[in-house]
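In what follows, a structure is listed as structure tokens, so that the remarks can point back to it.
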Amino acid sequence: MSRAVTIPAILLAPVQLIGKLLLEFTSELGRFGILMGRITKELGAIFSRRELFIRECVRLGVESLPLVLLVGLFTGAVSGWQLHYQLEGYMPFDMIGPGVFKSIVLEMGPVLTGLVISGRVAASIAAELGTMKVTEQIDALESMAISSTRYLAVPRIAAMTMMTPVLVTQVNFIAIMGAWFVTTVFLSLTSSQFFGLIPSFFDLYDVFSGLLKSLFFGMSSAMIGCYVGFDASGGAEGVGSATIKAFVWSSLTVLVLDFLLAMILF
Amino acid sequence: MIISRGIKKSFGGKQVLRGVDMQIDSGESLVIIGQSGCGKSVFLKHLVGLLDPDAGEILVDGDRISNAKRADVYRIRMKFGVLFQSAALFDSMSVEQNVGLGLVEHTKMTKGEIDKRVAECLEMVSLSGIQKQMPSELSGGMRKRVGLARAIAMKPQYILYDEPTTGLDPITADSINDLIIQMQQELKVTSIIVTHDMVSAFKIADRLVMLHLGRVIFSGTEQEIKTQSIDIVRRFIAGESEDKQVVTHYF
């Protein structure tokens, strides 16, 4: 007769923990998928309720402009300064302009804007929708036969998908201007030295791929903000947790997507 | 008419509704009473399809709203107006935008017609002239009144009230009770009110239903409930604390 094998609790605990985390992750993924399915079905609302879409473009996009421009300006300035330091004695300073251009347009502009958007937009969407959820405002909307995904999520996601590339375009420009300003005013470069070689290194595909990445960053941040907000529960504490969760998840998603898209695009 | 058949609902292993059977006739004012946590608000959310039951069904004028397709649920919800416990006014919208939202979303009315209807609804709840105010500027009683104005804007057949007098002083609470009666008489709607405020319940109810531990344990008129021998019902309306032995014995 076989004897039952007793597994010590100390060995079972990690397995139980992994199982629990896996179940929670699968459950979250399922709920996220269902919400995204609903949103996809209701995308037509962008055209039927244009004023909601435009309002979110202004609120989430245009109002983010001062912050992202400031980030872009200083990022560009630091890039110019650092590149000057790195190239000194090794390569001609004429390469600073193309170096800044490539690094900003390909990577720093989209990723930094994506991270700022995660902090400002994803977190604010999660906080706003989370508050609406715990104060029954979303139930009120639904009870009036108004789809909360159509009314609240679709305009936000569409607005951020469209506005992030617009923001990145402006960040790219201001960052390059920041680098130009620093290298010409504080360092020894002339404007023609800075801009001279940029046309030779200019590739439209670089600009396009940077903007394409930013489109995914904006979309994913808004999607995560909406999901986390709709999923919030438990009063003020729940809203606080949702805000943090939205920021952490969307920031990580921006970085992971950046890597995956780099593999696909280059 | 709304029919509830064997509604069961659990949250995370905790069974809140254990088979609720109920019939709500058109035009009546039904008050659902019961202790906090007995499942009253959860049941109310099932009526309007905000929650789907684990078992059982809700039929609204013969149409099943439980576990129905979203399009069908929204079609049936057009028959309802809901006043939530906290009023649930949209913070970012003014009073007129709150009251007129359903009209903007579901009708082809012009701005002028919507404004007129919003003014009518606000007048019904005695709050004329506050269209431009924001919810944060209103008192608790005013918020409930605006919530009620929003609930009646689409001329619903059924109005659901979730704890309409909770958190209000007795005078404001009484004015809300008067409003519920006024809506019932003027608009000829079916009112379903969830409350544990027995003063309100006796004032507004045509019929009372008591939920306890997720089941209906009483259904009848004010006179019938006052002469009830079921101990838990008697204690509840008298406001006496429960004897655990009696509860266990009853179930």
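The values are calculated or read from the model by the stated rules, or taken from the named source; none is laboratory data. Model, not experiment: these values are computed from the prediction. Positions of Cβ are backbone-derived with ideal geometry, glycine not excepted, and every protein chain shown enters the neighbour counts. Keep in mind that these areas ignore ligands, DNA and RNA; they rest on the heavy atoms of the full protein, side chains included. Shrake-Rupley method; radii C 1.70, N 1.55, O 1.52, S 1.80 Å.
Tabulated results
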{"read-out": "Residue match in segment B:53-63 (condition: of a type in the set (Asp, Glu), surrounded by fewer than 21 Cβ atoms within 10 Å (Cβ to Cβ), touching a residue at least 12 places away in the same chain (Cβ under 8 Å) and in contact with a Lys or Arg (Cβ under 6 Å, 6 or more places away or on another chain))", "value": "yes"}
{"read-out": "Residue in segment B:169-190 that is part of a loop (DSSP other than H, G, I, E, B), within 14 Å of chain A (Cβ to nearest Cβ), β-branched (Val, Ile, Thr) and buried (at least 16 other Cβ atoms within 10 Å of the Cβ) present", "value": "no"}
{"read-out": "Test for B:ARG70: is it surrounded by 20 or more Cβ atoms within 10 Å (Cβ to Cβ), farther than 15 Å from B:VAL20 by Cα and within 12 Å of another protein chain (Cβ to nearest Cβ)", "value": "no"}
{"read-out": "Single residue of segment A:203-226 satisfying the filter (of a type in the set (Phe, Trp, Tyr) and open to solvent by 10 Å² or more (accessible area, probe 1.4 Å)) that is farthest from A:LEU115 (Cα to Cα)", "value": "A:TYR205"}
{"read-out": "Residue, nearest to B:THR172 (Cα to Cα), within segment B:193-236, restricted to residues that are open to solvent by 40 Å² or more (accessible area, probe 1.4 Å) and at pLDDT below 85", "value": "B:GLN228"}
{"read-out": "Inter-residue pairs, beta-carbon under 9 Å, first outside any helix (DSSP H, G or I) and in segment B:193-206, second polar (S, T, N, Q) and open to solvent by 70 Å² or more (accessible area, probe 1.4 Å), 6+ apart", "value": "B:VAL194/B:GLN85; B:HIS196/B:SER36"}
{"read-out": "Qualifying helices (runs of 4 or more DSSP H) (wholly inside segment A:147-222; at least 2 residues being touching a Gly at 6+ places or on another chain (Cβ under 8 Å))", "value": "A:154-185, A:191-196"}
{"read-out": "Search result, residues across segment B:84-103 that are outside any loop (DSSP other than H, G, I, E, B) and of a type in the set (Phe, Trp, Tyr)", "value": "none"}
{"read-out": "Search result, residues across segment A:1-60 that are among the acidic types (Asp, Glu) and part of a helix (DSSP H, G or I)", "value": "A:GLU24, A:GLU28, A:GLU51, A:GLU56"}
{"read-out": "Of all residues making up segment A:54-68, the number that are open to solvent by less than 60 Å² (accessible area, probe 1.4 Å) and either hydroxyl-bearing (Ser, Thr, Tyr) or farther than 19 Å from A:ALA123 by Cα (or both)", "value": "1"}
{"read-out": "Verdict on A:GLY80 being open to solvent by less than 40 Å² (accessible area, probe 1.4 Å), touching a Ser or Thr at 6+ places or on another chain (Cβ under 7 Å) and assigned to a helix (DSSP H, G or I)", "value": "yes"}
{"read-out": "Matching residues in segment A:126-173 - criterion: being open to solvent by less than 30 Å² (accessible area, probe 1.4 Å), more than 14 Å from chain B (Cβ to nearest Cβ) and not aliphatic (A, V, I, L, M)", "value": "A:THR161, A:THR164, A:PRO165, A:ASN172"}
{"read-out": "Filtered residues of segment B:83-114 (kept if touching a residue at least 60 places away in the same chain (Cβ under 8 Å), open to solvent by less than 10 Å² (accessible area, probe 1.4 Å) and within 9 Å of chain A (Cβ to nearest Cβ))", "value": "B:PHE84, B:ALA87, B:LEU89"}
{"read-out": "Single unsatisfied condition, A:LEU112 versus (1) within 14 Å of chain B (Cβ to nearest Cβ); (2) part of a helix (DSSP H, G or I)", "value": "(1)"}
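The rows are residues; the columns are (1) out of contact with any helix residue (DSSP H, G or I) (no Cβ under 7 Å at 6 or more places or on another chain); (2) assigned to a helix (DSSP H, G or I); (3) at pLDDT below 95.
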site	(1), (2), (3)
B:GLU105	yes, yes, yes
B:LYS108	yes, no, yes
B:GLU120	yes, yes, yes
B:GLU123	yes, yes, yes
B:LEU127	no, no, yes
B:ILE130	no, no, yes
B:SER136	yes, yes, yes
B:MET142	yes, yes, yes
B:GLY147	yes, yes, yes
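To keep it simple, each residue is scored yes or no on (1) over 24 Å from the mean Cα position of the chain (by Cα); (2) surrounded by 10 or more Cβ atoms within 10 Å (Cβ to Cβ); (3) at pLDDT 85 or above; (4) over 21 Å from A:VAL154 (Cβ atoms).
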position: A:SER2; (1), (2), (3), (4): yes, no, no, yes
position: A:THR6; (1), (2), (3), (4): yes, no, no, yes
position: A:ILE18; (1), (2), (3), (4): yes, yes, yes, yes
position: A:SER27; (1), (2), (3), (4): no, yes, yes, yes
position: A:MET36; (1), (2), (3), (4): no, yes, yes, no
position: A:THR40; (1), (2), (3), (4): no, yes, yes, no
